[in-house]
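Peer 1: First the structure, which I've put down as structure tokens, then a few questions once you've had a look.
What follows draws every value from the coordinates through simple rules; no lab data is involved. Worth saying up front: this structure is predicted, and the values here are computed from it rather than measured. Here the Cβ is made from the backbone with ideal geometry for all residues, glycine too, and neighbour counts use every protein chain on show.
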Ligand SMILES: [Zn+2]
């Protein structure tokens, strides 16, 4: 149940949004506009539909006459298309997650952003995990948590709640579901990459043999039997750098699970994907270059396997090319070579 502030309860819809012929028509039109190159297969229509709906709702303002209607439609499409249930605010009675309710505007904008990022994956890949166990996505402002993994912090620090970008949890106590919690205080670009990071954890828990997975990622970093991963300081920020160039960030050096999730997060984010390729290209130490390249290739193999071949070379090529364009646009103007 969504906890909208009193008096702002969105209107109830009597039937499924996807049963609505008008909405279907609207999605079809917007979807074909946003994907002119795609064949009008059912899958493309649905993916185009979610992305198109997200485009329709981006920048929604509370005062807009159809604000509640559009936010509700988007929530409903996310639920029906992906099987993802969006919930607002921190969970009741769970001490390890704290935070505030988001404003309605932030909530609506976050729905838009989630739709856009989810629509990058083949529909079947998401449905394969959400069909098995429910996936709840909670949007929480000023998210803090004590639910940190052992590899992330030293034991004595574990009780302190720290600001986190996101969390992926398996819900216990007879609840078979899973939950991703997102911190809406993050800037949009950081929220987007966090979605991919947490989804990687979800996929990985579902489809990887845990001990084999850990050994495989450890071996990417070192041929020695010693564990290459070390705890990192409490509250380490997503982008905190490390001098150990085998890892993209300091946080990635904390465990095999995080190493993989950070690599996936970078590869799913155009600009960071281009950064990852640059790191490999510019690395002077042959050993480190090979380690970074092996991790890059590992994500390609893994996502191909997880998506039954749908996430292919062309998929990654498009992201890499977009990343290069974004970097060019962001480069300081007027810089000339002399
Ligand atoms: Zn993580």
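Peer 1: Fewest first, what order do 142, 324, 70 take by the number of other Cβ atoms within 10 Å? Write out the running numbers ahead of the final one.
Peer 2: Details: 142 13, 324 16, 70 19.
Fewest-to-most Cβ neighbours within 10 Å comes out as 142, 324, 70.
Peer 1: Once segment 247-306 is represented by equal point scatterers at the alpha-carbon sites, with solvent omitted, what log10 I(q)/I(0) does the Debye formula produce at q = 0.14, 0.24 Å⁻¹?
Peer 2: Values, matching the q order: -0.35, -1.05.
Peer 1: Please order 234, 74, 113 by the number of other Cβ within 10 Å, starting at the fewest. Walk me through the numbers on the way to the answer.
Peer 2: Numbers: 234 14, 74 23, 113 20.
Least crowded to most crowded, the residues run 234, 113, 74.
Peer 1: In segment 173-213, which residues have a backbone nitrogen under 15 Å from the label point lying 7 Å from residue 326's Cα in the Cα-to-Cβ direction?
Peer 2: Residues 187-197 qualify, since their backbone N sits under 15 Å from the label point.
Peer 1: As a footprinting exposure proxy, order 275, 259 by other Cβ within 10 Å, with the fewest listed first.
Peer 2: On the way: 275 15, 259 26.
Fewest-to-most Cβ neighbours within 10 Å comes out as 275, 259.
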